[in-house]
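Down below is the structure, laid out as structure tokens.
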Amino acid sequence: VGLTETDAVVVGAGPVGLFQVFQLGLQEIACHVVEALPYAGGQCAELYADKPIYDIPTVKVCTGRELTDRLLEQVEPFRPAFHFGEVVAAIQRQPDGRLLVSTSTGRQLLSRTLLIAAGIGAFLPRKLKVAGAEAAEGKQLLYRLPPLEAMSGKHIVVAGDEDPALQAAIDLVGVAASVTLLHRRDSFRAEESTVARMRQLCGEGSMKLVIGQPTLLRDGVLDVADPEARTHALPLDVLLALLGLSPKLGPIADWGLDLERKQVKVDTESFATSEPGVFAIGDINTYPGKRKLIACGFHECVLAAFGAAAIVFPDRKIQLQYTTTSPRLHELLGVSGN
Ligand SMILES: Cc1cc2nc3c(=O)[nH]c(=O)nc-3n(C[C@H](O)[C@H](O)[C@H](O)COP(=O)(O)OP(=O)(O)OC[C@H]3O[C@@H](n4cnc5c(N)ncnc54)[C@H](O)[C@@H]3O)c2cc1C
């Protein structure tokens, strides 16, 4: 994907990463944002998109999704470069002091500062633990639903029991040559209405439900052990394993930062870590009195942006300006201020 030079890289597009983008923007620092999920919002989007939040200042109530949408709207004037579906895999200090950030797709960002808003870790698909799975990944075995057209005419087995799996199986009916839903038990964690629709399609014969445990994935066949431990061979073109997401701290643990129980230790003056130019904000950090709340994370972003500005503009006197009255901030925000 090539090498891009930038002043700041934000790891994570959860609520705190997004507000960090906004605060960096006010400091005239453009940034790239790397997010493992294919969309923004972090825990708000992944764990409670439709549940209400009541403790965001000035917002009496909003859902996780609404909060994410508002934050995305707020960062628009600063046009951050979002890289969704990529995991920050490695960080290497360069001889000139800058940081070379590499992602899972081979993208390389050479940055003066790094702001880690990685929350409880990168949300990654839970892997299928079956012989042959690793070799088949990305070919016969997929962990995300591709565009439906790509599945046209194929024999698909969907593994999983939550909404994403059942919904994918339902959506594939009529597109794929055949759709089989596979789960180890005949009970599902998906919404009742989704389960009902799945059962209706199975009743009509447009979908098949197989109860069993996959044991081996080989070329064009998945071996499944039924509850009586008899093995059946399920022929398939694609095994779509939608087994949910689990957060993985993964690479952050190997970046040479001072950690305390898997949290990054920071100095509360600017939320700087033990590595110069690297800041940590939101759920990923720890300091005396830390509370894992969105409002606390937002405060941390303000001070981290001042800290980053001191590095990006070492010769500039960084002054506090009000968004209400500063003509420069109005210009950056694209507003008239009247
Ligand atoms: C059910 C529930 C209800 C909650 N309700 C409230 C509430 O009412 N009020 C409140 O204040 N807080 C609430 N919280 C807590 C709040 O959601 C968190 O404090 C907040 O999400 C932290 O934001 P964050 O941006 O730091 O991290 P996250 O939201 O966890 O986002 C981090 C993002 O970073 C990404 N990431 C991590 N590592 C990498 C990597 N290496 N490469 C690329 N991307 C990476 C992850 O995929 C993730 O999207 C709630 C939490 C839960 C689970």
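The values are calculated or read from the model by the stated rules, or taken from the named source; none is laboratory data. Please read these numbers as outputs of a predicted model, since none were measured by experiment. Don't worry about glycine lacking a Cβ; one is built from the backbone with ideal geometry, like all the others, and counts go over all protein chains shown. Accessible surface areas use protein heavy atoms only, side chains included; no ligands, DNA or RNA. Shrake-Rupley method; radii C 1.70, N 1.55, O 1.52, S 1.80 Å.
Brief remarks on what is shown
- Going through (1) modelled with pLDDT under 95; (2) within 24 Å of Leu99 (Cα to Cα); (3) crowded, with 20+ Cβ neighbours inside 10 Å one by one, Ala45 falls short only on (2).
- Within the stretch 222-266, considering residues that are away from the ligand (no atom under 11 Å from the Cβ) and of a type in the set (Gly, Ala, Ser), the one surrounded by the most Cβ atoms within 10 Å (Cβ to Cβ): Ala241
- Scanning the stretch 157-199 for residues that are among the small types (Gly, Ala, Ser) and in a loop (DSSP other than H, G, I, E, B) yields a count of 6.
- The one condition in (1) under 26 Å from Leu249 (Cα atoms); (2) of a type outside the set (S, T, N, Q); (3) surrounded by fewer than 16 Cβ atoms within 10 Å (Cβ to Cβ) that Asp7 fails to fulfil: (3)
- Lone unmet requirement of (1) in a strand (DSSP E or B); (2) touching a helix residue (DSSP H, G or I) at 6+ places or on another chain (Cβ under 9 Å); (3) over 21 Å from Leu145 (Cα atoms); (4) open to solvent by 50 Å² or more (accessible area, probe 1.4 Å) for Phe279: (4)
- Condition check for Ala304: open to solvent by less than 10 Å² (accessible area, probe 1.4 Å), touching a helix residue (DSSP H, G or I) at 6+ places or on another chain (Cβ under 8 Å) and either acidic (Asp, Glu) or within 16 Å of the ligand (Cβ to nearest atom) (or both): yes
- Residue count for the stretch 152-204, restricted to those that are open to solvent by 20 Å² or more (accessible area, probe 1.4 Å), touching a strand residue (DSSP E or B) at 6+ places or on another chain (Cβ under 8 Å), of a type in the set (A, V, I, L, M) and under 17 Å from Ala241 (Cα atoms): 1
- Remark: pairs (first residue in the stretch 6-24, touching a residue at least 24 places away in the same chain (Cβ under 8 Å) and small (Gly, Ala, Ser); second residue open to solvent by 20 Å² or more (accessible area, probe 1.4 Å) and more than 10 Å from the ligand (Cβ to nearest atom); Cβ separation under 8 Å; 6+ apart in sequence or on different chains) = Ala8/Ala30; Ala8/His32; Ala8/Arg112; Ala13/Phe82.
- Scanning the stretch 166-193 for residues that are of a type in the set (Ser, Thr, Tyr) and farther than 23 Å from Ala150 by Cα turns up Ser187, Ser193.
- Filtered residue count, the stretch 12-62, keeping only those that are charged (D, E, K, R) and touching a strand residue (DSSP E or B) at 6+ places or on another chain (Cβ under 8 Å): 4
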